[in-house]
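All remarks here apply to the structure that follows.
Every number in this text was worked out from the coordinates using simple rules, so none of it is lab data. As the structure is a prediction and not an experimental result, all values here were calculated from the model. Glycine gets a Cβ as well: all are built from the backbone with ideal geometry, and neighbour counts include every protein chain shown.
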Amino acid sequence: MECISVFDMLKIGVGPSSSHTLGPWRAAERWIRELKDSNTFYNTEKIKIDLYGSLSLTGKGHATDLAIMLGLSGANPEFIPVEEIETIIDSIKQNKKIVFNNEKTLDFNPDTAITFHRKFLPFHANGLVFTASINGKNQKSTFYSIGGGFVVKEERKNSKRNKEIFKTFPYPIKLGTELLTYCKALKLSISEVVLENEKSIRTPETIDFELQRIWNTMLECMYLGCHTEGTLPGGLNVRRRANDILKNLKSDLPYCSPQEWLETIRLTEVKFRQILKWVSCFALSVNEVNASLGRVVTAPTNGSAGVIPAVLMYYLVIENHEADFKHIKKFLLVAGEIGSLFKKGATISAAMGGCQAEIGVSSAMAAGALTELLGGTPEQVLIAAEIAMEHHLGLTCDPIAGLVQIPCIERNAMGAIKAINAAEMALETKPEHVKVPLDKVIATMWETAKDMNSKYKETSEGGLAVGVNLSDC
């Protein structure tokens, strides 16, 4: 059984995809550590990368090759200035050389050093193999990007590291029923139980600092997305819409920073119909930034990164103008825990489960978190998460041209709206009247994922990806 922290579910990174961009980036970093641990890094003469399955089929559109080059260069996705990304990539392509981990210059032609294979490796749809030529011999290392920026080399249940970490949690949780049992026995809310687990591996000060950093990244991402015009890169000529919506909604009050922007919105009189527009604006803004290789927070993935910040902003600017960091903290703790239940019981990888594993999970995370902030009981929190996922079951992943743009960006807005609706319904539901518990819908989601045709799992081989003529875009 895995021990999954909130900070595993909510990671800061660069778009457009957690499984196809952030995961391969982190895999490159881990491979470098392997080489250093084996004292072979400085003897490496040549490097090669082979991409398999979904990483190959949609890798170009998801910037997988660029992410790998950045990871091999020693750049950190959490902190690299995004404006430097293009410079680093252009230098590698033009000079046909890479500064390996920013330490050792190697010959590196991306056109031949990175190979895309259509076949799938047996363990997971997102497989990648790194090869180092050392003293004339090839040394290979295989990784799998399993969604949400998580990277593994073997089955999670056999991971010594995960077993060791799991033992540190005082309240180990795999099922929603176990979470409710702890809440009842300890007389604590879900966020309080999750916080106790986090405190077993981090100081309270570190938890607050990192959660604040996550929220700041979300807010800055929304701010940037809402204030950027033009079209998204990739060739589909998708127009950014968040800025257009904002222009029709914003008040005349001045602001010059993300926090001042937030306070300005709070002072704006919002009519019922405008609520939908505001929420959509927030969600679209995040995923427009994500689609342009901007910095976002996996929630639980990059492709679904807009749902949680949009719903949290809804609470801050519509529901509770007096809300502060303690409310944000509760929201993120609950959201992270719900996401971990789906990862343990099913998947958060679209390459394994379709878009239900991304937008569906993010909507469930947001619905449950909002429910606690609105005064819901732990039982109602899980009811909200169940309602949100139940109405995303079977959702396919069919990105046009392999880009996280159509239909991905709009799906974040829809997922956010569904999350809010699910929370409202849960608050009006008595637990004894529930027919489908969260654990059952998680199990059903996984069965649906296994039954789903592979062409609807982030391969761009079915659905809108083949049903839309690119010449019309």
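To the nearest µm²/s, what D does Stokes-Einstein give for segment 347-431 at 25 °C and 0.890 mPa s, using the Kirkwood radius over alpha carbon pairs as Rh? Please report the intermediate quantities before stating the final value.
On the way: Rh = 12.8 Å.
In µm²/s, the coefficient is 192.
Checking the Cα-Cα distances for Lys184/Lys330; Lys36/Lys96; Lys250/Lys330; Lys184/Lys450; Lys36/Lys199 against a 26 Å cut-off, the pairs over it are Lys250/Lys330; Lys184/Lys450; Lys36/Lys199.
Database remark: amide H of Phe100 closer than 5 angstrom to the amide H of Thr105, Leu106 (H placed geometrically; neighbours at sequence offset of 5 or more, or on other chains; Pro and chain starts carry no H).
Set the Förster distance to 25 Å, then compute FRET efficiency between Leu186 and Asp208 from the Cβ-Cβ distance, nearest 0.05. Working shown, then result.
On the way: r = 21 Å, r/R0 = 0.85.
For R0 = 25 Å, the calculated efficiency reads 0.75.
Look at the Cα gyration tensor of segment 15-157: its axes a ≥ b ≥ c give a/c under 1.5, and that counts as rounded. Charges on Cβ only, +1 for Lys and Arg, -1 for Asp and Glu, centred on the Cα centroid of segment 294-357; of Met313, Phe325, Pro300, which one is farthest towards the dipole's positive end? Sorting the options by dipole projection puts first Pro300. Specify which residue in the list Val279, Asn197, His227 is farthest towards the positive end of the charge dipole of segment 159-472, using unit charges on the beta carbon of Lys, Arg (+1) and Asp, Glu (-1), about the Cα centre. The residue sitting most towards the positive pole is Asn197.
The simple Förster model, with R0 at 51 Å and r as the Cβ-Cβ distance, assigns Asn76 and Lys435 a FRET efficiency of 0.65. Modelled spin labels at Asp244 and Ala443, positioned 7 Å past Cα toward Cβ, are 4.6 nm from each other. In terms of overall dimensions, segment 211-286 has a Cα radius of gyration and Dmax of 12.9, 39 angstrom. Between His117 and Leu267, the FRET efficiency from the beta-carbon distance, with R0 = 51 Å, is close to 0.40. Working from Cα pairs under 8 Å separated by at least six residues, relative contact order for segment 159-472 is 18 percent. Projecting label points 7 angstrom from Cα along Cα→Cβ for Glu260 and Glu319 puts them 2.9 nm apart. Work out the length of the dipole vector of segment 15-157 about its Cα centre, built from +1 on the beta-carbon of each Lys and Arg and -1 on the beta-carbon of each Asp and Glu, and round it to the nearest 20 debye. Roughly 540 debye, rounded to the nearest 20. When +1 charges are put on Lys and Arg Cβ atoms and -1 charges on Asp and Glu Cβ atoms, the dipole computed for segment 162-236 relative to its Cα centre reaches about 420 debye.
Which whole-number percentage describes the relative contact order of segment 15-157, with Cα contacts under 8 Å and a sequence gap of 6 or more? Show your work: numbers first, answer last.
Working: 247 pairs, mean separation 52.4, N = 143.
It rounds to 37 percent for segment 15-157.
Return a whole-number percent for the relative contact order of segment 320-473, with Cα pairs under 8 Å and 6 or more residues apart as the contact set. Walk me through the numbers on the way to the answer.
Working: 246 pairs, mean separation 46.4, N = 154.
Once divided by the residue count of segment 320-473, the mean separation gives 30 percent.
Ordering Thr448, Ala422, Val289 by Cα displacement along the dipole of the chain toward the positive end leaves Thr448 in first place; charges were set at the Cβ atoms of Lys, Arg (+1) and Asp, Glu (-1). Residue-wise HN-Hα couplings along segment 214-230, as the Karplus relation 6.51 cos²θ - 1.76 cosθ + 1.60 with θ = phi - 60° gives them from phi, are 5, 5, 4, 5, 4, 5, 5, 5, 4, 4, 4, x, 6, 10, 10, 9, x Hz; Gly and Pro carry x.
In terms of the ratio Rg/(2.2 N^0.38 Å) built on C-alpha atoms, what value belongs to the chain? Please report the intermediate quantities before stating the final value.
Values: Rg = 21.6 Å, N = 473, 2.2 N^0.38 = 22.8 Å.
Rg over 2.2 N^0.38 Å, computed on Cα atoms: 0.95.
The packing ranking, built from the mean of other Cβ atoms within 10 Å per residue, places the peptides 28-37, 15-24 in the order 15-24, 28-37, highest first.
In debye to the nearest 20, how big a dipole does the chain give about its Cα centre with +1 on each Lys and Arg Cβ and -1 on each Asp and Glu Cβ?
So the magnitude is around 1140 debye.
Listed by chain and number, the aspartates and glutamates placed with their C-alpha closer than 18 angstrom to that of Lys455 are Glu358, Asp398, Glu447; residues fewer than eight positions away on the same chain are left out.
Tell me, Kirkwood radius of segment 385-473 from alpha-carbon pair distances, in Å?
Values: mean 1/r = 0.0676 Å⁻¹.
Kirkwood hydrodynamic radius for segment 385-473: 14.8 Å.
When you count the other C-beta atoms within 10 angstrom of each residue and take the mean per peptide, 256-267, 329-340, 224-235, 396-407 line up highest first as 329-340, 396-407, 224-235, 256-267.
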